[in-house]
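Everything on this sheet refers to the single structure shown next.
Bear in mind that the values in this text are calculations on the coordinates, not laboratory data. All values reported here derive from a predicted model rather than from experimental measurement. Ideal geometry is used to build each Cβ from the backbone, glycine not excepted, and the neighbour counts take in all protein chains shown.
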Amino acid sequence: MANITYIHPDGTTTVLDVSAGTSVMRGAVLNGVNGIVAECGGSGQCGTCHVFIDDDTEVPLSAMHDAEDEVLYCTAVPRRYNSRLSCQLPVSDAIDGLVVHMPETQL
């Protein structure tokens, strides 16, 4: 289980305990977090679970695969240096404390 903070564009936050073995995206979807659309269901193909990793986050994240890298160039909000697809971020105890910012839109 990991504590994940989702920061919405208006500054409000949603803090969830997300089960290990799922993804940051799945935790948001299962708990009704607005701002994560996840049209492709987590296969890393649509870019509608785009998030920005908080600059102060020091948790170890999985490496970005080439497919994720490509999809991030096609998101509704332009890619930034800290962009990730939340479906490609597996949850484990190691990422406890992760903070992600959601873009203004996913579509």
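Quick notes
- Cα-based shape type of the chain, given that a ≥ b ≥ c are square roots of the gyration tensor eigenvalues and the cut on a/c is 1.5: rounded
- Relative contact order for the chain, counting Cα pairs under 8 Å that sit 6 or more residues apart, in percent: 41 percent
- The spacing between region 4-24 and region 38-107, judged by their C-alpha centroids, is 12 Å.
- Beta-bridge orientation, the chain: approximately 75 percent antiparallel, per DSSP, counting only bridges with both partners inside.
- Neighbourhood charge, 11 Å Cβ-Cβ cut-off, centred on GLY35 and excluding it, Lys, Arg +1 and Asp, Glu -1: -2
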